[in-house]
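Pasting a structure here, questions to come.
The values are calculated or read from the model by the stated rules, or taken from the named source; none is laboratory data. Given the structure is predicted, the values throughout are model-derived calculations rather than measurements. We place every Cβ from the backbone using ideal geometry, glycine too, and count neighbours over all the protein chains shown.
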Amino acid sequence: MCMIQEKMSVILANMSLLLGLTAVELEPLIRFTRLDRVRPGDTIIVEGQRGEYLFLIIEGRFKVVLDSHSKRQRVSGIYLNTLMQYDCFGEYSLLDGQPTSASVIAITAARLLKIPYTDFKNWLAGDDRIAQIVYRNLSQLLVYRLRQKDLELDLDIMPVIA
């Protein structure tokens with residue numbers, strides 16, 4: 001493995017979605033992973049469009065929002081989450097094949113790994129152990145995000161005690 005591949009393998013191994021995989025297991029993923037650099041304000045995913053890529057954040061911060069100009073005629077945008085280093089996005093469409101459910105916009109300059117869904121799914125299909133680890137990590141990530149949102153909603157609607 002060359003130095004660039006070794007570095008990429010270390011980066012991938014630290015991603016929350018890929019924790020627990022070995023350098024050997026990650027090696028095929030490197031072949032179809034592309035590095036993207038984005039500027040603050042760049043929109044990476046637009047709500048309602050066909051999802052084609054899974055994104056892994058190397059560095060930078062992103063906001064996840066429901067757009068005010070979507071087909072749903074919202075009066076204003078709705079903030080959902082902030083994502084940062086080692087997080088991923090694009091996973092909903094990867095799982096269900098539906099259009100993207102939210103927009104993702106860079107808050108800061110950032111570096112991302114961009115993986116085509118087709119290649120990612122083929123990689124998972126080729127090894128049951130890899131698929132089991134990735135789907136377990138993805139399940140844990142999604143449950144964590146739901147629990148965090150539950151806490152936020154609880155705090156927003158808690159009655160004020162006088």
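Conditions tested, residue by residue: (1) among the hydroxyl-bearing types (S, T, Y); (2) under 14 Å from the mean Cα position of the chain (by Cα); (3) in a loop (DSSP other than H, G, I, E, B); (4) modelled with pLDDT under 95.
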position: G41; (1), (2), (3), (4): no, no, yes, no
position: R50; (1), (2), (3), (4): no, no, yes, yes
position: I57; (1), (2), (3), (4): no, yes, no, no
position: K63; (1), (2), (3), (4): no, yes, no, no
position: Q73; (1), (2), (3), (4): no, no, yes, yes
position: S76; (1), (2), (3), (4): yes, no, yes, yes
position: L80; (1), (2), (3), (4): no, yes, no, yes
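Ok, one more. List, please: which pairs have Cβ atoms under 9 Å, are six or more places apart or on different chains, and start with a residue in segment 126-142 that is surrounded by 13 or more Cβ atoms within 10 Å (Cβ to Cβ) and end with one that is among the charged types (D, E, K, R) and in a helix (DSSP H, G or I)?
As it stands, the answer is D127/E25; I130/E25; I133/E25; L138/E91; L141/E91; L142/E91, since those pairs meet every condition given.
Now a separate question. For T108, all conditions in the list (1) outside any helix (DSSP H, G or I); (2) under 18 Å from L54 (Cα atoms) hold save one; what is the number of the exception?
Result: T108 fails condition (2) only.
Of all residues in segment 112-141, how many are part of a strand (DSSP E or B) and more than 16 Å from S16 (Cβ to Cβ)?
2
Could you list all residues from segment 1-53 that are among the small types (G, A, S) and farther than 21 Å from D96 by Cα?
If the condition is that a residue be among the small types (G, A, S) and farther than 21 Å from D96 by Cα, then S9, A13, G20, A23, G41 are the ones that fit.
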